[in-house]
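Heads up, the thing below is written out as structure tokens.
Throughout, read-outs are computed from the coordinates displayed, never taken from laboratory work. On a predicted model such as this, the values are computed, not experimentally measured, just so you know. So basically every Cβ, Gly included, is an ideal-geometry build from the backbone, and we count neighbours across all protein chains shown.
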Amino acid sequence: MKKISILIPCYNEVENVVPMSKAVANIMAAELSEYDYELVFIDNCSKDGTRDRLRDICKRNPKVKAILNSKNFGQFNSPYYGICQTDGDCTISMCADFQDPVEMLPQFVREWEKGYKIVCGIKATSKENKLLRSLRTLYYKMIKKFSDVEQIEHFTGFGLYDKSFINTLRELHDPTPFLRGIVAELGPERKEIPYEQQKRRAGKTHNNFYTLYDAAMLSFTSYTKIGLRVALIGGFILAACSILIALVYLVLKLLWWNTFSAGSAPVLLAVLVLGSFQLFFIGLVGEYIMSMNIRIMNRPLVVEEERINFD
């Protein structure tokens, strides 16, 4: 009997983990009864009672497992680590807040049985804020245009991954993994299935400007060179302009010393503009250096505090 693993990362989802575990168990019993399964929750150090709920669920159902992290290791490390701890013939990763429809599990499995090693859920429409979705769409198109690797628009990681691809993930040893990019870069032929992303069933989103910016810069620095190229070419152009302005200023000052010496406003303006560009490029290059530094340190993805129902 083939085994399906369902991986659900969670952080402060006390109102969602019990209904989610029941929804998965019901869909497996009703439509995927010919498969064995395990439901793995990986908790990123929740503070709202989620862990107590997970312990209770695991006590009632031996097919439910839980990994409790010692700290919050971020929105990318924890799910990636959790996927690598599953032992099914395939693994389905989905959110705990019901934004990813549980009803799509049988559809994913059917496509997997047809031979696809990866089945991706693509957000064709969403009930999220329209402005936020527009910004996401613009970002995806920008990354897709500038990246050397084909990128998957509106793919959040919700999907099915064959055991062979899970083994590839285990061998990467990437301390800052970006699963969406890895699927596009290293994944075999995939099947994309559109769906409408739902609103959260309960609780509030943990995304904010910082987490969204962190996600954007991780993919930008991992899969594009455009930032460094713009910094190099732009820096060269600005340097040439600075030298030209300096020469023009010197000539004008020598020819019209008395009248031009008082007119320093244009020079000051040029210095401020060029200085702002320099600071921007230094910050952009700093993002690449920070990404390299994290990879060089090669720290573990997560540190576990407790495992439940693992043999």
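Odds and ends about this structure:
- Using θ = phi - 60° and Karplus 6.51 cos²θ - 1.76 cosθ + 1.60, couplings along the stretch 174-187 (whole Hz; Gly, Pro as x): 8, x, 10, x, 10, 4, 4, x, 5, 4, 5, 7, 10, x
- Length available on full extension from Phe280 to Asn26: 0.36 nm per residue minus the Cα-Cα distance, which gives 86.2 nm.
- Share, in percent, of DSSP beta bridges within the stretch 1-58 that are antiparallel, nearest 5: 0 percent
- Mean separation of Cα contacts under 8 Å (6+ apart) over length of the stretch 1-115, as relative contact order %: 39 percent
- Long-range amide H partners of Ile42 with built H, under 5 Å: Ile8, Cys10, Ile67
- Cα-based Rg / Dmax (Å) for the stretch 1-94: 12.7, 38
- Sequence-distant aspartates and glutamates (8 or more away, or on other chains) whose Cα lies within less than 13 Å of Lys2: Glu34, Asp36, Glu38, Asp87, Asp89, Glu113, Asp162
- Rh by Kirkwood over Cα pairs, then Stokes-Einstein D for the stretch 47-111 at 1.567 mPa s and 4 °C, µm²/s: 93 µm²/s
- Protection proxy ranking for 236-243, 174-181, 33-40, using the average of other Cβ atoms within 10 Å per residue and placing the highest first: 174-181, 33-40, 236-243.
- Ranked by the mean number of other Cβ atoms within 10 Å of their residues, highest first, the peptides 14-22, 299-307 come out as 14-22, 299-307.
- 5 angstrom amide H check on Val64, placed H, neighbours 5+ away: Leu39
- Working ranking of peptides 88-96, 54-62, 74-82 by packing, defined as the average number of other Cβ atoms within 10 Å per residue, highest first, is 88-96, 74-82, 54-62.
- Cross-link check: pairs Lys47/Lys163; Lys65/Lys117; Lys3/Lys199 evaluated at a Cα-Cα cut-off of 28 Å; pairs beyond the cut-off: Lys47/Lys163; Lys3/Lys199.
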